[in-house]
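Undergrad: This is the structure I have questions about; it appears just below.
The values are calculated or read from the model by the stated rules, or taken from the named source; none is laboratory data. This structure is a prediction, so every number in the text was calculated from the model and none was measured. Heads up, the Cβs are rebuilt from the backbone with ideal geometry, glycines too, and the neighbour counts pull from every protein chain shown. When the accessible area is computed, the model is the full protein with side chains, heavy atoms only, and any ligands, DNA or RNA have been set aside. Shrake-Rupley method; radii C 1.70, N 1.55, O 1.52, S 1.80 Å.
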Amino acid sequence: MKKEKPEFLRHLWWKFKKFQNNLKWKKPRGKDNPMRLKLKGYPPLASVGYRTPKIIRGLHPTGLKPVVISSVRDLEGLNPAEVIVYISSTVSLKKRVEIIAKAKQLGFKVANA
């Protein structure tokens, strides 16, 4: 369902070495900037029309909704068919092993096991 989006990069990124190390979007603001004017032959501007559809926005590539878990109790009210589990970064190794074991037993997918 995701349509292909171009990679949005700043104006003249191909011309200057200082931009090639830091490839990120910067809005063109110059008065006569051909990219801002959307002239033929220049990269596209990031705009509203490239947004993903609302029904798949924020979903994991598997199509499941991501949920952050920090304890075994957090798994109780969730449906394994709708949710993919991320274990919080503040969880220790001992608790992490417990959460992974319980998640596998209940049939959850763990993204950062």
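Undergrad: Looking at (1) surrounded by 12 or more Cβ atoms within 10 Å (Cβ to Cβ); (2) over 30 Å from R96 (Cα atoms); (3) charged (D, E, K, R), find the lone condition where D32 falls short.
TA: For D32, the exception is condition (1).
Undergrad: If we keep just the residues of the range 39-75 that are polar (S, T, N, Q) and without any contact (Cβ under 8 Å) to a residue 24 or more places away in the chain, which is farthest from K102 (Cα to Cα)?
TA: So in the range 39-75, the residues polar (S, T, N, Q) come out as 47, 52, 62, 70-71.
Subsequent filtering for residues that are without any contact (Cβ under 8 Å) to a residue 24 or more places away in the chain retains 47, 70.
Values: S47: 43, S70: 13 Å.
The selected residue is S47.
Undergrad: Still on this model: Quick one: in the range 36-52, which of the residues that are modelled with pLDDT under 90 and in contact with a Lys or Arg (Cβ under 8 Å, 6 or more places away or on another chain) is surrounded by the fewest Cβ atoms within 10 Å (Cβ to Cβ)?
TA: Going through the qualifying residues, I end up with R51.
Undergrad: Taking only pairs six or more apart or across chains, which ones have beta-carbon atoms under 7 Å, a first residue in the range 77-92 that is over 22 Å from I56 (Cα atoms), and a second residue that is open to solvent by 80 Å² or more (accessible area, probe 1.4 Å)?
TA: The qualifying pairs are S88/V68.
Undergrad: Taking G58 and the conditions (1) assigned to a loop (DSSP other than H, G, I, E, B); (2) out of contact with any strand residue (DSSP E or B) (no Cβ under 9 Å at 6 or more places or on another chain), which numbered condition does it fall short on, given that it satisfies the others?
TA: Result: G58 passes all but (2).
Undergrad: Restricting attention to the range 88-104, and to residues there that are assigned to a helix (DSSP H, G or I) and open to solvent by 70 Å² or more (accessible area, probe 1.4 Å), which single residue is farthest from P66 (Cα to Cα)?
TA: K94
Undergrad: So which residues in the range 4-18 are modelled with pLDDT of 90 or more and surrounded by 11 or more Cβ atoms within 10 Å (Cβ to Cβ)?
TA: If the condition is that a residue be modelled with pLDDT of 90 or more and surrounded by 11 or more Cβ atoms within 10 Å (Cβ to Cβ), then F8, L9, R10, H11, L12, W13 are the ones that fit.
Undergrad: When the residues of the range 62-76 are narrowed to those that are more than 14 Å from the chain's Cα centre (by Cα) and in a loop (DSSP other than H, G, I, E, B), which ends up surrounded by the fewest Cβ atoms within 10 Å (Cβ to Cβ)?
TA: Across the range 62-76, the extreme among qualifying residues is E76.
Undergrad: Follow-up question, since we're still on this one. Can you find a residue in the range 65-74 that is closer than 30 Å to R10 by Cβ and modelled with pLDDT of 95 or more? Write out each step before concluding.
TA: Taking the range 65-74 as the starting set, the residues that turn out to be closer than 30 Å to R10 by Cβ are 66.
Subsequent filtering for residues that are modelled with pLDDT of 95 or more retains 66.
Yes, the range 65-74 contains at least one residue that is closer than 30 Å to R10 by Cβ and modelled with pLDDT of 95 or more.
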